[in-house]
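**Student:** I have a structure here, written as structure tokens, and I will follow up with some questions on it.
The values are calculated or read from the model by the stated rules, or taken from the named source; none is laboratory data. Fair warning: this is a prediction, and the values are worked out from it, not measured in the lab. All Cβ positions, even for glycine, are placed from backbone atoms using ideal geometry, and neighbour counts span all protein chains on display. For accessibility, only protein heavy atoms count, side chains too; no ligands or nucleic acids. Shrake-Rupley method; radii C 1.70, N 1.55, O 1.52, S 1.80 Å.
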Amino acid sequence: MSAPHDAVVIIGSGLAGYNLARELRKADAAVPLVVVSRDGAGFYSKPMLSNALAGKKTAASLVMKPADKMAAELNARVVAQVAVERIDAQARQVVLSSGEVLPYRDLVLALGADTIRLPLQGDAVDTVLSVNDLDDFARFADALDQGPCGQPVQRVAILGAGLIGCEFANDLLARGIQSTVLDVADRALSRLLPPEASIRLQDKLSAGGVQFRFGVGAQSVSTGPNGLVVGLSDGSTLEVDLVLSAIGLKPRTDLAAQAGAQVARGVVVNRQLATSLPHVHALGDCAEVAGLVLPYVLPLMAQARALAATLAGKPSDVAYAAMPVAVKTPAWPTVVCPPPADAQGQWVVSGDDENLIARFESTGSEPTLLGFALQGKAVSQRQALATQVPALLA
Amino acid sequence: MKKYQCIVCGYVYDEAAGSPDEGIPPGTKWEDVPDSWVCPDCGVGKSDFEMVEI
């Protein structure tokens, strides 16, 4: 006799997994719910990992609710420290590393994304850290106290001057660590901000002690006499105590692909977050909705609400309003609502010592606002401007 | 004065501190924070998610 296929099984206990569980419970108090996690399954907010030092948070205090409390609140079974070996879509069940087989009515992939790692040479590549989840943060925090070469960390190289790289550079200042941020691009957040806004952010972080080196990439990380030696693409070297990689994210698609689901950049889903496999859904950083992979909290919440309604019997399409992203750089507060990738237009930038306002306006006789970046005190205009920008996915 | 935490992203609203950058003066009680207010960290609306007293 096989177990009944009556449960909603969610793989992943990050913001996507748990927020879907919460939304689903609001809509359906009765359906059996199982959350499978390969870590401890405590609920924490991933965006807080890159500003935890300033708030004097530890890996333990970042956990807002432990797994048992989440299980009780959600009336769910939470299976922690267990990986998923495979999905059998035909038999509608997942096989766990513990040997347990979980049948499902509906399966939700909330798998997240992996950090992209550069193909580096050298004998100390294994010491390069990235912070993509709570366990990573614990390793990072421990490494700051005692670095790979045994001493407390004073000098840090950050690979990548994107959102996460700049946030960590700012956060490390709270520990008195003045990092060096490397990027092959010519400025910080080059894919999100207009040049003027990148430069203002760089200037403010530099005033705090962060050093930027643009147009160079790391090629190797080796052990030197006084720490780690980072070999750079321009032939120079940089001596540091710790290397933090913040190049970007790649959706986790392997599990879905092995089960036969269609994958592209992410796990391909329709507007109802359904994969190409029956009764298998995906949301969050692993999912590609209408060609969009958006690793931010707002789209994830929109997805969780739509999918919860669908799973509760009210099929609902996900819609995205314009979604501004806050860059957690207290040295120079920044909010950006990037224009669509194919938008035709130009940035119009104004500001003074305390503000920068960049509007991305369409070309034509009646320019419309397609995106914006706000910095300094102007971040308070976020909501007002967001309502003027067309919906990302209407 | 109480504190409330955004259960989505962990942002803490402290009634004593308010949120002056968003025009919420110090001492503003949670119930007096306008419904149009959004979490400054994750942008989720006040009415859209639960805040827990901590």
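**Student:** Looking at the structure I just gave you, is B:Val44 modelled with pLDDT under 80, open to solvent by less than 30 Å² (accessible area, probe 1.4 Å) and over 10 Å from the mean Cα position of the chain (by Cα)?
**Tutor:** Details: modelled with pLDDT under 80: yes; open to solvent by less than 30 Å² (accessible area, probe 1.4 Å): yes; over 10 Å from the mean Cα position of the chain (by Cα): yes.
So B:Val44 passes the test.
**Student:** Identify the single condition in (1) in contact with a strand residue (DSSP E or B) (Cβ under 8 Å, 6 or more places away or on another chain); (2) modelled with pLDDT of 95 or more; (3) open to solvent by less than 50 Å² (accessible area, probe 1.4 Å) that A:Pro299 does not satisfy, given that it satisfies every other one.
**Tutor:** Checking A:Pro299 against (1) in contact with a strand residue (DSSP E or B) (Cβ under 8 Å, 6 or more places away or on another chain); (2) modelled with pLDDT of 95 or more; (3) open to solvent by less than 50 Å² (accessible area, probe 1.4 Å), the one that fails is (2).
**Student:** To continue, here is another question. Can you name every residue in the range B:2-29 that is open to solvent by 30 Å² or more (accessible area, probe 1.4 Å), more than 10 Å from chain A (Cβ to nearest Cβ) and either in contact with a Phe, Trp or Tyr (Cβ under 6 Å, 6 or more places away or on another chain) or farther than 29 Å from A:Glu23 by Cα (or both)?
**Tutor:** B:Ala16, B:Ala17, B:Pro25, B:Pro26, B:Gly27
**Student:** Quick one: which strands (runs of 3 or more DSSP E) lie wholly within the range A:188-290 and hold at least 3 residues that are open to solvent by less than 40 Å² (accessible area, probe 1.4 Å)?
**Tutor:** The strands (runs of 3 or more DSSP E) meeting that bar are A:218-224, A:227-232, A:242-245, A:267-269, A:280-282, A:287-289.
**Student:** Shifting gears a bit: Can A:Ser380 be described as outside any strand (DSSP E or B), touching a residue at least 40 places away in the same chain (Cβ under 8 Å) and in contact with a helix residue (DSSP H, G or I) (Cβ under 9 Å, 6 or more places away or on another chain)? Working first, answer last.
**Tutor:** Numbers: outside any strand (DSSP E or B): yes; touching a residue at least 40 places away in the same chain (Cβ under 8 Å): no; in contact with a helix residue (DSSP H, G or I) (Cβ under 9 Å, 6 or more places away or on another chain): yes.
No.
**Student:** Hey, any hits in the range A:375-382 for a residue that's more than 13 Å from every other protein chain (Cβ to nearest Cβ) and open to solvent by 50 Å² or more (accessible area, probe 1.4 Å)?
**Tutor:** no
**Student:** Which of (1) open to solvent by 10 Å² or more (accessible area, probe 1.4 Å); (2) within 13 Å of another protein chain (Cβ to nearest Cβ); (3) more than 22 Å from A:Arg252 (Cβ to Cβ) does A:Ser316 not meet, given it meets every other one?
**Tutor:** Status for A:Ser316: all satisfied but (2).
**Student:** Determine which single condition A:Gly371 fails, assuming it passes every other condition in (1) more than 29 Å from the chain's Cα centre (by Cα); (2) within 23 Å of A:Asp203 (Cβ to Cβ).
**Tutor:** Unmet condition: (1).
**Student:** If you don't mind, another one. Among the residues of the range A:67-92, write down those that are part of a strand (DSSP E or B) and either open to solvent by 50 Å² or more (accessible area, probe 1.4 Å) or over 24 Å from A:Ala30 (Cβ atoms) (or both).
**Tutor:** Correct list: A:Arg77, A:Val84, A:Glu85, A:Arg86, A:Ile87, A:Asp88.
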